1. Where is the GNM fluctuation largest for the chain (alpha-carbon springs, 10 angstrom cutoff): Arg323, Arg164, Arg186?
2. Residues with amide H under 5 Å of Asp110's amide H, sequence separation 5 or more or different chain, H placed in the peptide plane at 1.01 Å from N; which?
3. Report, as a whole number in µm² per second, the diffusion coefficient that Stokes-Einstein gives for segment 2-209 at 4 °C and 1.567 mPa s using the Kirkwood radius over alpha carbon pairs.
4. Of the listed pairs Lys89/Lys218; Lys35/Lys232; Lys89/Lys273; Lys182/Lys205; Lys89/Lys256; Lys182/Lys218, which have alpha-carbon separations greater than 29 Å here?
5. List, in order, the whole-Hz ³J(HN,Hα) value for each residue of segment 90-97 obtained from phi through the Karplus relation with A = 6.51, B = -1.76, C = 1.60 and θ = phi - 60°; use x for Gly and Pro.
6. Can you tell me the FRET efficiency between Asp51 and Met125 if r is taken as the Cβ-Cβ distance and R0 is 22 Å, rounded to the nearest 0.05?
7. Using alpha carbon centroids, what distance separates segment 186-205 and segment 258-279, in Å?
8. First obtain the Kirkwood hydrodynamic radius of segment 20-125 from its Cα pairs, then insert it into the Stokes-Einstein equation at 20 °C and 1.002 mPa s, and state the resulting D in µm² per second as a whole number.
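The values are calculated or read from the model by the stated rules, or taken from the named source; none is laboratory data. All values reported here derive from a predicted model rather than from experimental measurement. No Cβ is skipped: glycine too gets one built from the backbone with ideal geometry, and neighbour counts run over all protein chains shown. Note: accessible area is taken over every heavy atom of the protein model, side chains too, but ligands, DNA and RNA are not part of it. Shrake-Rupley method; radii C 1.70, N 1.55, O 1.52, S 1.80 Å.
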Amino acid sequence: MKLTILLFAAFCASAADLPHVTIIATGGTIAGVQKSSTSTTNYKDSELAVDALIDAVPEVKDLAQINGVQFSNIGSENMNTSLLLRLSKLVTTLISNGSAEGIVITHGTDTLEESAFFLDVTYDMSAPVAMVAAMRPSTALSADGPFNIYEAVALASSKTAINRGVMMTLNDRIGSAVYTTKTNTRSVDTFKAVEQGYLGVFNDKTPVFYYYPARAYKKPFFDISGVDSLPKVDILYGHIDSDVTLVNNSISNGAKGIVVACTGDGSLPTTWKEIAKYWTESGVPIMRSSRTGSSYVAPGKDNLTLGEYSYLNSGNYNPQKARILLQLVLNEFGGSNSSLVQKFFDPY
Ligand code: SIN
């Protein structure tokens, strides 16, 4: 009897010593269900509630004291700026009021990188935030969600993850919120940062980092504590025969800035140049990014022929991340000073 009491006391003491990790569930395939265990298509995403996600991985309770929050239950294609503003404030509140020492956010893969990037540039505390998702619904043979959640909790509760901001973890890899992007429609190995690489990997429950904590070069921070909405920024896609009148349509629909997923290293047809220059000089920046999926978009001859910064470039950011950064910059500084806006994208 005495031994049982002692063992129970030792168990309680060690469980109480574990860090507090809050799992915030937003939806996605990780919470998806399909009637057939052999099908990974046409499933219903965002079906399972946060408690079911946690119950599927009881092993997380050996890593941390877990608290679950159901933030939303939506496919990530339905994520939007107003939800992201709320999510970022929730993360900051949970860490600053001491309810959590680490955060896990479950999310759909489709826009995971956008939410991760948004959170990373609006969060400036040292506690780890691990964004996690899955490519296979929870009902699939070899569903990837449960192990991904286990590793995300391991990451969020690890001291070695402190001061690394927001990370993305799937498929045993840890990626930067700034650079990691979805590269494949089907594969569980879809998240990559082709140029910049991964931050680390897992050895069972232990995150193994390749680098000391680092911030992406010139990664900014925006205080959104008093912000309830952000300016609309659209993305247009570059292609043969691309129609420049879409720029005007977008602006008449309320866009305060436009990112173009241009061909190659940010090239645009000559038919676009006068309109892009006109709008950029009128305070609605038109920004060249690239549809290629990786690497830096250089300020090129377009900038030089049209005058310094009359035609902006997204530097290291892909179109979807550049769109978010442009929203935050426009919200704080407006679009009339294009060289100021450009400074947030210049990696030097
Ligand atoms: C989604 O992004 O919500 C659906 C797709 C996925 O999670 O893989």
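1. Arg186
2. Ser76
3. Working: Rh = 17.0 Å.
Calculated translational D: 76 µm²/s.
4. Details: Lys89/Lys218 23 Å; Lys35/Lys232 39 Å; Lys89/Lys273 39 Å; Lys182/Lys205 24 Å; Lys89/Lys256 24 Å; Lys182/Lys218 23 Å.
Table pairs above 29 Å Cα-Cα are Lys35/Lys232; Lys89/Lys273.
5. 5, 4, 4, 5, 4, 6, 6, 8
6. Details: r = 27 Å, r/R0 = 1.21.
E between Asp51 and Met125, to the nearest 0.05, is 0.25.
7. If we compute the Cα centre of each part, the gap is 32 Å.
8. Working: Rh = 14.4 Å.
Rounded, D is 149 µm²/s.
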